[in-house]
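The values are calculated or read from the model by the stated rules, or taken from the named source; none is laboratory data. What you see is a predicted model; the values in this text were computed from it and never measured. We place every Cβ from the backbone using ideal geometry, glycine too, and count neighbours over all the protein chains shown.
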Amino acid sequence: MEGFCGSPFWNASLLDQSLPDTSPCFQETLLSWAPAAYLWILAPFYSHYLKGHNAGFIKVSRLHRAKTLIGFLLMLPPMLDVLFGITQLINTEGELPLVYVVTPAITTLTMVLAFSLVQLERLRGVRSSAAMFLFWVLNICCSLFEFWSKCINAPDMGGNHLFRYITFFIFFVLLIIAVILSAFVDDKPFYSPVVEGVNECPEETASFASRLTFWWFTSLISLGYKKPLETTDLWTLRNRDKASTVVPNFRKHWRAEKRKAAASYHKKPNAEDSHPGVLMVNLEEDANGAVKRKHEIYKGDDPETSSIGEVLLEQTENSQESQKNVSFVKALVKTFGPMFLVGSFLKLIFDVMVFIQPLILRRLIQYTEDKTVPAWEGYFFAGALFVVAIFQTLILQRYFHIGTLTGMHVRTALLGSIYRKAIHLSNSARKSSTIGEVVNLMSVDAQKLMDLCLNLNLVWSSPLQICITLYLLIGILGVLSVFAGIFVMVLMIPLNMWVARKTRALQVQQMGFKDSRVKLMGEILSGIKVLKLYAWERSFQDKVLKLRRDELKVLRRAAYYNAVTSFAFTCAPFLVTLSSFAVFLLSDENNVLNAETIFVSLSLFNLLRFPLAMLPFVVFSVVQAHVSLKRLSRFLKLEELNPQNVDHFNMPGQAITVEDGKFSWSKEDEPVLHDISLDVPQGALVAVVGQVGTGKSSLLSALLGEMEKKDGKVFVQGSVAYVAQQAWIQNETVRGNVLFGKDLNSTKYEKILQACALQRDLEVLPGGDLTEIGEKGINLSGGQKQRVSLARAVYANCDIYLLDDPLSAVDAHVGKHIFDNVVGPNGVLKKKTRIFVTHGISFLPQVDKIVVLKNGAISEEGSYNELLERNGAFAEFLQNYSLQEEEEKEVTEADAVSMMSSGTKSQAESLREIHQNGKSGKKEDGDVDLTKEGKSLIDQEKAEIGKVAYTVYFTYLKSVGLWLSLLILSFFILYDIFSVGSNIWLSVWSEEPLQNGTLPVPIRNKYLAVYGLFGLGQDNRADLW
């Protein structure tokens, strides 16, 4: 190496010099080649990445011009060094070391490669590069040694080295500029989609340096300093953080676990025989060209290889038996494990770096005590402490960011999965889960798992920190002293295990009480009108308070256990310190606590405080999360509606077909509907009639797949819209309820409003169709809610409409208008397939087919005239309901006469005006003004702005109690006094003059006893806490 460099590779007297300096060979080889090796090794992988990253090219901006100019200038200094070195080789006949030619040549080629990568980044749409930023930073870090060397050796440089000095300093300045430029982000790629009115998150486009230092967040902090932040000031979510991305990703892994469990269940002995198999339908033509269906049952073979087996898996994966072995934790780990492991790796790096500071502190104390050590060592160790602290901060904050992001993703995935599960539960599963439980799963249990993402790493991090701390303490205090501290910690383990077991049981009890309380509160709010009407407020208040008192008892007991654990582990660090110091001093009279021993040991003992203090909290959090995991797993494993209850096949000419169907509300119940055989052609209007309780609504539920199919076959072709007897209304505007997330088509929208007789209602509402509807449609009448629900279904433009007596809540003349304009042969749904449950006999002559239900079975079906001729169940139905309709008609006519006599406009006249407005092409008063501003029903809650008022503090103090508040405050002050006092006492102890190399026993015992009293004072504060 000396022949290549002309000097030794390593300076053996480096640490003994007053100004340390590395050898020129070390600078010109290792320090110069390291950045080049980094870039040349990275270049193939980075080029492959850029090849697949085609976001469009970036136009040549000012920033790119500056990067190009600096990249070009960076090639010149090493290139000039190569030419100068070759010239010297020729002039000196080979006496110049080759390193002065080889290293500049390597640097020149590396700068050419860096220049090329910068240009390729622009062409592939990379706005900021972490790889290039780290390359420039590594170059500067390696050049700092040569920069220092040239600065201290500048007075002694000769003429031959002057040229290299000048080129190096120019090169070093250009490197600094390159780092600064790489910290900024370039313009958006050409042809990038521009979304108007979207407050894009700056993290999406921030540079690597900005992400590393969280500089992209500064704008929001500045805005919050200037004014109170509002929702509109917040940025939109990144695509990776949206529920539309997170939930499907988790669902994919959860579905894979379910399918794996279903496959293993399907392979069990007798499992195949007990399975009903898969119904396959083949359409065949006979000799006359008529299409006939041929049904066959397949059992399938290997569920993982055959297509039939795939269908079998879909059928069995939702059954209760096949989901017993589904691992909910595995699905979470597969979905969020990689991101969590990145955070764990950062936590490991941080934990290792934490222990660098005590080691540097030890060397710094040794430097202050040894006057012969060069002064540069003190500056070096002080600077090292600062650099290590900076790196610790960057790594820790990145760890917290990743942990919080992972927790947010877990919570988002759980909320989406719980919501989906709640709407897919089978009827039998709904009996085992209450609304209160579902609410708590979404609000409490999901939050527990989110919190666990930050705390779970402490399960291994805390023991790791404790072990490393004890190992370092052994080198300072000795094995016996450290084992005394370990003995104190071991005593805490049984207590911790006992408290964890008790806390787990209390957590289960507390969640049970909370589920009951939330369920009761939901029932109270749902029936608040009835409750007030019967003056039941006090009775239900007592029930809620009783549940709350039971819950508070459990919480109080859990708080006591938590206080015991917190007290024990708060005392543990000081007890470990005291026991270790005491054994260290008492084991040998020659052991003395000097400044190095005290302050380095205290630094390590302070590192011990965090893991020991966090262990009870982590255990408590893990116990809570374990309970929540069980609850979530049990809920997500509940049985779902069987998707095979309704099969979707392409059947020419047929919209709905039911053959020999038997249906029940759960697998254990007896069939509610039996012997159901029904064929509904496409575009037909079929009326379903029957006495009350004969199964009309159940038939529609069976067609929707919400009933268990005991036997038979059900085929539905096309999309389905359902209008229930009781309208479901959102807390939204009228327009929002009708559109239901779809885009507004003004012509279609107004036509549907006119057909559903909603225009006159909108004129009465203060904000027209932008009037906000209260919870459950509280500011609408029953008929208005039903018409809004019907309009929403019509606007959805589905293939099949299942209408469960939608005209029961409206007046007779409004019902006739809706039937004529919506449901009937000339209505807006005339080309759609309609299953129309009704008690209105006046509509029946206009339908294509009538289905009569009796005792859960189809007793008759046919046209109106055919059923009249049979004089069967349909004739009986007409006799019963014709009398009721006559009575309703008489009441309606009487009301109309009364309204006319009082000078008011009758509803019949209003209805005629609706017809006239609908027929005319001009915009009349009844048309909807789509530009009208709505009126909000619920006022937006206003938050207090500025500092917290003193009355808030006084309210808290009053709730706690004045004397108790003063006592707590006094103990906090005393804790700080004792904490500072113990450190001062140790400092005084370390300065105590020695006698014959040791302290006299009385003086030693005095210092030790007083130090113990200081610790006892700190523990009293922990006891109060």
query = Name the pairs whose Cβ atoms lie under 6 Å apart, with the first residue in segment 516-542 and under 17 Å from Glu775 (Cα atoms) and modelled with pLDDT under 85, the second among the β-branched types (Val, Ile, Thr) and in a helix (DSSP H, G or I), and 6 or more positions between them or separate chains?
reply = Gly522/Ile435
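Here's the yes/no breakdown for (1) in contact with a Phe, Trp or Tyr (Cβ under 6 Å, 6 or more places away or on another chain); (2) farther than 22 Å from Leu868 by Cα; (3) surrounded by fewer than 19 Cβ atoms within 10 Å (Cβ to Cβ):
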{"residue": "Tyr801", "(1), (2), (3)": "no, yes, no"}
{"residue": "Ala812", "(1), (2), (3)": "no, yes, yes"}
{"residue": "Ile818", "(1), (2), (3)": "no, yes, no"}
{"residue": "Asn826", "(1), (2), (3)": "no, yes, yes"}
{"residue": "Lys830", "(1), (2), (3)": "no, yes, yes"}
{"residue": "Thr833", "(1), (2), (3)": "no, yes, no"}
{"residue": "Thr838", "(1), (2), (3)": "no, no, no"}
message = Which of the numbered conditions does Asn590 fail, given that it passes all the others? Conditions: (1) at pLDDT below 85; (2) over 24 Å from Leu441 (Cα atoms); (3) part of a helix (DSSP H, G or I).
response = (3)
remark   = Considering residues that are among the polar types (S, T, N, Q) and closer than 19 Å to Pro1002 by Cβ, the number found within segment 568-619 is 3
task = Give just the number: which of (1) of a type outside the set (Phe, Trp, Tyr); (2) closer than 12 Å to Ala793 by Cα; (3) crowded, with 19+ Cβ neighbours inside 10 Å does Lys742 not satisfy?
result = (3)
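Taking the options Ser461, Ser432, Ser428, name whichever one is farther than 30 Å from Leu341 by Cβ and buried (at least 17 other Cβ atoms within 10 Å of the Cβ).
Values: Ser461 fails: farther than 30 Å from Leu341 by Cβ; Ser432 fails: buried (at least 17 other Cβ atoms within 10 Å of the Cβ).
Result of the check over Ser461, Ser432, Ser428: Ser428.
Residue-wise test of (1) in contact with a strand residue (DSSP E or B) (Cβ under 9 Å, 6 or more places away or on another chain); (2) modelled with pLDDT of 80 or more; (3) assigned to a helix (DSSP H, G or I); (4) not polar (S, T, N, Q).
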position	(1), (2), (3), (4)
Phe617	no, no, yes, yes
Leu629	no, yes, yes, yes
Met651	yes, no, no, yes
Val688	yes, yes, no, yes
query = Asp805 versus (1) acidic (Asp, Glu); (2) within 25 Å of Gly527 (Cβ to Cβ); (3) in contact with a Leu (Cβ under 8 Å, 6 or more places away or on another chain): which is the lone unmet condition?
reply = (3)
request  = Test Ala857 against the stated conditions and say whether it is at pLDDT below 90, under 24 Å from Asp660 (Cα atoms) and of a type in the set (A, V, I, L, M).
outcome  = yes
request  = Scan segment 101-142 for residues that are under 21 Å from Thr22 (Cβ atoms) and either surrounded by fewer than 21 Cβ atoms within 10 Å (Cβ to Cβ) or aliphatic (A, V, I, L, M) (or both) and report the count.
outcome  = 8
note = Checked against (1) at pLDDT below 80; (2) closer than 18 Å to Leu586 by Cβ, Glu991 satisfies every condition except (2)
task = Name the single residue, out of those in segment 369-398 being touching a residue at least 40 places away in the same chain (Cβ under 8 Å) and of a type outside the set (D, E, K, R), that is farthest from Pro20 (Cα to Cα).
result = Gln397
Test result for Ser566, in contact with a helix residue (DSSP H, G or I) (Cβ under 9 Å, 6 or more places away or on another chain), of a type in the set (Ser, Thr, Tyr), surrounded by fewer than 20 Cβ atoms within 10 Å (Cβ to Cβ) and more than 30 Å from Pro993 (Cα to Cα) = yes
query = Using beta carbons and a limit of 7 Å, which pairs, at least six apart or on different chains, have the first residue in segment 985-996 and in a helix (DSSP H, G or I) and the second one of a type in the set (Ser, Thr, Tyr) and crowded, with 16+ Cβ neighbours inside 10 Å?
reply = Trp985/Tyr1011; Leu986/Tyr1011; Trp989/Tyr1007
ask   = Going by the structure shown, is Thr570 closer than 24 Å to Gly1015 by Cβ and within 35 Å of the chain's Cα centre (by Cα)?
value = yes
ask   = When you scan segment 962-1008, how many residues do you find that are small (Gly, Ala, Ser) and surrounded by fewer than 11 Cβ atoms within 10 Å (Cβ to Cβ)?
value = 1
